[in-house]
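Quick notes on the structure that follows.
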Amino acid sequence: MNKLKLLVVLGVVSSLAACTGAPKKGEEADMNVEPVSQEEVDYAEKARLELEKANSGEVNEVEVLGTGATGSDVSSEELASQDLNARSQEVPSMGQTFEPVIYFGYDQYIVDDSSMEIVKHYATILVDNPSEKIQLVGHTDERGTPEYNLALGERRAKAVAEAFMLYGVSKDRIEVISLGEELPLMEEHNEEAWAKNRRVEIKAQ
Amino acid sequence: MKKIIHTIVGFVFIWSTSAYADLTIQIDQSSDNAVPIALVPFEWEGKQLYPPQSMASIVGNDLLRSGKFKAVDESKLPSRPKTLDDIDFHQWKQLGVDNLLMGRVVEDPNGTYQIEMRFIDLLRKEQVIGKRWTGISKSLLRQVAHKMSDLIYEELTGIRGAFNTRMAYVTVNAVKGKKQYSLEVADSDGYNSQPILRSSLPIMSPSWSPDGQHLAYVSFENGRSQVVLQSLDGKSRQIIAKFKGINGAPAWSPDGKKLALTLSKDGSADVYVMDMKTRKLRRMTRNWAIETEAVWAPNGHSLFFNSDRRGQPQIFQVFLDTGEMRRISYVGRYNANPAVSPDGRYVAMVHANNGFHIAILDLYNEEFNVLTKTYLDESPTFSPNGEMILYAMNQGGQGKLAVVSVNSNVTQILSVQEGEVRSPSWGPYLPR
């Protein structure tokens, strides 16, 4: 359990660092590694902050504009193939950030292995912050009919909800919402935009 | 292929204050089989130099949009008769024109208008329609012109015209970087648009009550989908479905007593029928799959809907009395969003094959035809006479509406000047 928390602490720090452009990761890690009780409180607060930050419009905007451009977006598939211990080492050193969004293939609602990593990251925060609740907001791309897509968006959000439940988050802490194709992240009509629009957003309630 | 563009600017003298969401019509005329009709500009008696509306032009545009008729170019009219006696029948025979519309608009001292129309069969040399409207306010002049179009269309085809009808649609505009959604109701030619709801969150799927007095639609105003019932005058408005999960795809029954809708409160998206009086729900489908987009057969005995129970969306039919189901669409891997023609014979649908297009299935002989070749076509809706299908599409990255005539290749494109337009729904006949 301690190891898992450490992972989250480090994950949080690197996320925050990435958001705010704070000092180098090494320094941050030094500050936080000591598992004192006071730190526990800070950690919970930071985890909460991370969830909030992940949901502020500001961060979302950064996500849209910064599409796949940062070197820190190290292939999450690579991580998925490694075991937990390996990951807990890897995550901080690579400055891995978890965008609170799960993407899907065309007409698909399968949460793939790399997306499970994201779910696990936020599920861990939720497990450690029992008062927090989340909304899972499902979206589709513009292709296909609007009402079918409304249902497909829900199907995706429900698939992500199932994944959260696998990691110990109870059903009553998850609200599933679908916006279908109505609120695309990218307005363009091409494959790249469609791929970004097929998503479930993880939001604090 | 001849392209005729009618812009709002073309009718600059009727530019109204509510032109904001009016639709501009562009007719892509590919049929040369259109029958010519002589539309003589109406005689005008009034204080101004010109009448407030050019009745003959409105009628001409209506008839052109049908794909079956075209107006004789005004400059090629050999004469401008005012009465039957004025007509030199030989002159018109040489022009190859069999029908002629003439009439007059008179401004009365009280500011209202009198309109007379005479529709002449030049072969039989007689008046086949003669009508007068009195006490017409300026704002109703276009409606009178559409009524004329309806009468002429019925006289020439035997089919009731659907020009004097309305449509509902949703416009999306960016106002200071924020999206604004508006549910609009406009005449069938895109004029006289009036917003009935504005929201910063999406609106979709308007459905007309059979009496044309109400719309049911989906609004995300509370952050999630809810089905709302609203009178056109805006005086009554209720959220009638806000269950857990999705609330969508409202469709009024032909008798106006029930509403089909999609709910996921019991699991996956399923089709339900709500009794409008008691608000009681009856679940029509029970399946892990997505079942949605239900529409009524005109006799009210069955629903057509979209189900992906076979892995991909296909059209199914369910009968209300027995609960019996059958699959309707077999051509291609993706068929969704059915619309039933008013006579119950045809089912239009969104068909994906090399893009999304509107296809039509003849239930009598199972003939299946793809009608459209525009981009990202969706949301088909029949005109009340079944002659045309209005749908949403995308052109140049902008959401637009288009109308395709079922029996010819004429497509007209309707667009807003700024922003996007989508989710069309063609309203019922208005009283004659």
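The values are calculated or read from the model by the stated rules, or taken from the named source; none is laboratory data. Everything numeric in this text was worked out from a predicted model, so none of it was measured. With ideal geometry, Cβ positions are generated from the backbone for all residues, glycine too; neighbour counts draw on all protein chains shown. Areas reflect the complete protein model, heavy atoms only, side chains present, ligands, DNA and RNA absent. Shrake-Rupley method; radii C 1.70, N 1.55, O 1.52, S 1.80 Å.
Which residue, chosen from B:Leu229, B:Ile159, B:Ser207, occupies the Cα position most advanced towards the positive end of the dipole of the range B:146-247, where the dipole is computed from +1 (Lys, Arg) and -1 (Asp, Glu) charges on Cβ about the Cα centre?
B:Leu229
In a GNM of chain B with a 10 Å cut-off on Cα contacts, which of B:Phe316, B:Phe356, B:Phe243 has the highest mean-square fluctuation?
B:Phe243
Please get the size of the charge dipole for the range B:167-429, origin at its Cα centre, with Cβ charges of +1 on Lys and Arg and -1 on Asp and Glu, quoted in debye to the nearest 20.
With only Lys, Arg, Asp and Glu charged at Cβ, the dipole is about 1140 debye.
Sequence-distant or interchain residues sharing an amide H contact under 5 Å with B:Leu201, placed H: which?
B:Tyr181
Please list, in order along the range B:381-391, the HN-Hα scalar couplings obtained from phi with the Karplus expression 6.51 cos²θ - 1.76 cosθ + 1.60 (θ = phi - 60°), rounded to whole Hz, x for Gly and Pro.
These are the phi-based 3J(HN,Hα) values: 8, 7, 5, x, 9, x, 7, 9, 10, 9, 8 Hz.
From the backbone phi of the range A:190-195, what are the Karplus-calculated ³J(HN,Hα) couplings (6.51 cos²θ - 1.76 cosθ + 1.60, θ = phi - 60°) in whole Hz, Gly and Pro given as x?
8, 4, 5, 5, 4, 4
Taking a probe of 1.4 angstrom, what is the accessible area of B:His90 in Å², to the nearest 10?
It works out to around 120 Å².
Kindly express, to the nearest 10 degrees and within the range 0 to 90, the angle between helix B:141-157's C-alpha long axis and the longest C-alpha principal axis of chain B.
Roughly 90 degrees, rounded to the nearest 10.
Around A:Trp194, what is the net charge, scoring Lys/Arg as +1 and Asp/Glu as -1 over all other residues with Cβ under 13 Å from its Cβ?
Cβ neighbours under 13 Å give a net charge of -4.
Report the residue, chosen from B:Leu49, B:Leu77, B:Leu23, that carries the largest GNM mean-square fluctuation when chain B is represented by alpha-carbon nodes joined by springs under 10 Å.
For chain B, modelled as a Gaussian network with Cα springs under 10 Å, the answer is B:Leu49.
Taking 0.36 nm per residue of separation and subtracting the Cα-Cα distance, what length does fully extending B:Thr83 through B:Ile129 add?
Length difference between fully extended and current span is 15.3 nm.
Greater than 18 Å separation of Cα atoms is the criterion. Which listed pairs, A:Lys158/A:Lys203; A:Lys171/A:Lys203; B:Lys125/B:Lys147; A:Lys133/A:Lys158; B:Lys68/B:Lys125; A:Lys171/A:Lys196, meet it?
B:Lys125/B:Lys147; B:Lys68/B:Lys125; A:Lys171/A:Lys196
In whole Hz, with x marking every Gly and Pro, tabulate ³J(HN,Hα) for the range B:276-288 from phi via Karplus 6.51 cos²θ - 1.76 cosθ + 1.60, θ = phi - 60°.
Listing the rounded values in order: 5, 7, 8, 6, 6, 9, 10, 7, 9, 10, 9, 7, 5 Hz.
What is the sum of charges around B:Lys138, taking Lys and Arg as +1, Asp and Glu as -1, for the other residues whose C-beta is under 13 Å from the C-beta of B:Lys138?
0
What does the accessible area of A:Leu185 come to, in Å² to the nearest 10, when a probe of 1.4 Å is used?
50 Å²
Take chain B, connect every pair of alpha-carbon atoms lying under 10 Å apart with a spring to form a Gaussian network, then pick out the residue of B:Tyr191, B:Tyr364, B:Tyr181 with the largest mean-square fluctuation.
B:Tyr364
Accessible surface of B:Asp187 in the full protein assembly, 1.4 angstrom probe, to the nearest 10 Å²?
The accessible area of B:Asp187 comes to roughly 20 Å².
Mind putting a number on the dipole of the range B:348-406 about its Cα centre? Charges go on the C-beta only, +1 for Lys and Arg and -1 for Asp and Glu, and I need it in Debye to the nearest 20.
280 debye
Sort B:265-271, B:196-202, B:321-327 for me by packing, meaning the mean count of neighbouring Cβ atoms within 10 Å per residue, highest on top.
Those peptides, ordered most packed to least, come out B:265-271, B:196-202, B:321-327.
Express in nm, to one decimal, how much length is gained between B:Glu43 and B:Ser139 on full extension, taking 0.36 nm for each residue of separation and deducting their alpha carbon distance.
Separation in residues times 0.36 nm, less the Cα-Cα distance, equals 32.6 nm.
With all pairs of different alpha carbon atoms counted, what Kirkwood hydrodynamic radius in Å does the range B:305-432 show?
Every distinct Cα pair counted, the radius reaches 15.2 Å.
With every protein chain kept in the model, how would you rank B:Arg279, B:Arg224 by accessible area, 1.4 Å probe, largest at the top?
Reading off the accessible areas and sorting them downward yields B:Arg279, B:Arg224.
Give me P(r) over the range B:167-429, computed from all C-alpha to C-alpha distances, binned every 10 Å, as integer percentages.
Reading upward from the zero bin: 7, 32, 39, 20, 2, 0.
Please list the equivalent ellipsoid semi-axes of the range B:31-157, computed as the square roots of five times the alpha-carbon gyration tensor eigenvalues, in descending order and whole angstrom.
Those come to 24, 16, 13 Å.
Report, as an integer, the average count of C-beta atoms from other chains found within 10 Å of each Cβ along A:151-158.
6
At q = 0.21, 0.23 Å⁻¹, what base-10 log of I(q)/I(0) does the Debye formula yield for the range B:146-198 when every alpha carbon is treated as an equal point scatterer in vacuo?
-0.74, -0.81
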